[in-house]
Structures are given as structure tokens and as C-alpha cells.
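Remarks on the structure that follows.
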Amino acid sequence: MHSKIDEDGKWVVYIANKDGTALASEGGLDVITFPSPKANGGELVNGQVKYYGGMNPAPVDMVYDPVGDRLWLVSMSSLAYLDEEADTIMTPASTNGMLGAEFTSIDVDSHGNLWVGTTNQGVYRLTPKNGSPDTLKILHFTTKDGLLDNNVADLAIDPVVGAAWFAHEKGVPIRTMHSRFTHIISLNISYLQ
């Protein structure tokens, strides 16, 4: 889920949805727009819902990129973005180098680079070429680059510190934007399973 206040003061909430209970069910995105609460006695009322469907399988994570002014989504097998002008969810035209990846998470850094975690291929850093969401320059990070595991359960970008955090079963490495991976936390959490 993501929310923002648009240029007109309206509240906009983005919610991923799934059409069924199966892991691979099709889904999409609900965008709910509320008039400014200030105009309604401080209450969120009279929301209008717009549905964008067609992601198969359904989205598992999303992030808003303020640099490119775009909402990005990942499902288990695809990367997509919301193109509000075209009124649809789009898949980038060029993502060479990410074949067969099963995505788990997505976040964005202060430069507009997308960071995408996978279940078996580590992490990808995607940079839109010339600001276009359709052509992405790809950098790939794996255990050879310092990740503790190529199965990345989640990731988070810390814009204040300028670092990317990666959650694995084996621990939580951090990568600052100007260095290699550092293993800040090394945990054995197998007892949680």
C-alpha cells in the first residue's frame, strides 16, 4: 500500500489486490482518491475507486518513485509501473538480464534507482535510462558481491544514511551507496521456522 497527497490536496491511496486466494492469482491495483479532509470536517469520505487490473500473478510489493513521479509494482514474476496517462499498468519494454527472476520486494533510492529483491537471484538495481520507465539499466548483486544469500526476503532503502538493507534468512547485510556490502547483523534464525 502507498498513499500521497496530490497537487490538488486530494488524498490518493494505492492498494494492491488479488482476485483469488491462490498464490498465483491474477490481480491489480485499486487507486482510491478522497477529497481533501479539510473540505469534509476532517473526515475521509466520498472516495472514488479506480481499478487497474491485468497483473498475473498479483502484485506482492510496490513503491512510489518521487524522482520519476511513478508507482512501481512487482509480482512474483513481473515488474510493472502505473501509467496514469495511458490509464493502465505497463511492463517496461527492456529489462534484459532479469530472466527467470522471482521477485519478493521493491524500493527506490533518492536517485530514482529501483532496488528489487528476488527469491533466488539476489538483488537488481534498475536505473531508468533518460528518465524512461521502459528502458532500464540493470546492475545485479549476488553472494559473489557480498550478499549473505541470493534469497532476499525483503529490502529497504535508507535515504538519510544512503544505504540499502537486505533481509535474508542468514542475516541483514547493508550496502552504502559508495561501498561494498557490510555484514552488520549475522543471525541464525532457523529456530523461527
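Could you please find all residues in the range 52-70 being assigned to a strand (DSSP E or B) and either without any contact (Cβ under 8 Å) to a residue 24 or more places away in the chain or under 27 Å from Ala156 (Cβ atoms) (or both)?
Tyr52, Met55, Pro59, Val60, Asp61, Met62, Val63, Tyr64, Asp65, Arg70, listed by residue number.
Starting from the range 151-169, keep only residues that are in contact (Cβ under 8 Å) with a residue 12 or more places away in the chain and of a type in the set (Phe, Trp, Tyr), then list their pairs with residues that are open to solvent by less than 20 Å² (accessible area, probe 1.4 Å) and assigned to a loop (DSSP other than H, G, I, E, B) whose Cβ atoms are within a distance under 8 Å, requiring at least 6 positions of separation or different chains.
Phe166/Leu147; Phe166/Val152
For Gly42, indicate whether it is at positive phi and either modelled with pLDDT of 90 or more or assigned to a loop (DSSP other than H, G, I, E, B) (or both).
Working: at positive phi: yes; either modelled with pLDDT of 90 or more or assigned to a loop (DSSP other than H, G, I, E, B) (or both): yes.
Here the answer is yes, as Gly42 does meet what is asked.
Within the range 28-70, take every residue that is under 15 Å from the mean Cα position of the chain (by Cα) and open to solvent by 60 Å² or more (accessible area, probe 1.4 Å) and give me the one that is farthest from Pro128 (Cα to Cα).
Per the stated criteria, the residue is Val60.
Which of the residues that make up the range 1-23 are loosely packed, with under 13 Cβ neighbours inside 10 Å and either in a loop (DSSP other than H, G, I, E, B) or small (Gly, Ala, Ser) (or both)?
Met1, Ser3, Asp6, Glu7, Asp8, Gly9, Gly20, Thr21, Ala22, Leu23
Go through the residues of the range 71-78 one by one and say whether even a single one is open to solvent by 40 Å² or more (accessible area, probe 1.4 Å), out of contact with any Pro (no Cβ under 8 Å at 6 or more places or on another chain) and in a loop (DSSP other than H, G, I, E, B).
No: the range 71-78 contains no residue that is open to solvent by 40 Å² or more (accessible area, probe 1.4 Å), out of contact with any Pro (no Cβ under 8 Å at 6 or more places or on another chain) and in a loop (DSSP other than H, G, I, E, B).
The values are calculated or read from the model by the stated rules, or taken from the named source; none is laboratory data. Please read these numbers as outputs of a predicted model, since none were measured by experiment. Virtual Cβ from ideal backbone geometry, glycine too; neighbours counted across all protein chains shown. Surface areas here come from the heavy atoms of the whole protein model, side chains and all, with no ligands, DNA or RNA. Shrake-Rupley method; radii C 1.70, N 1.55, O 1.52, S 1.80 Å.
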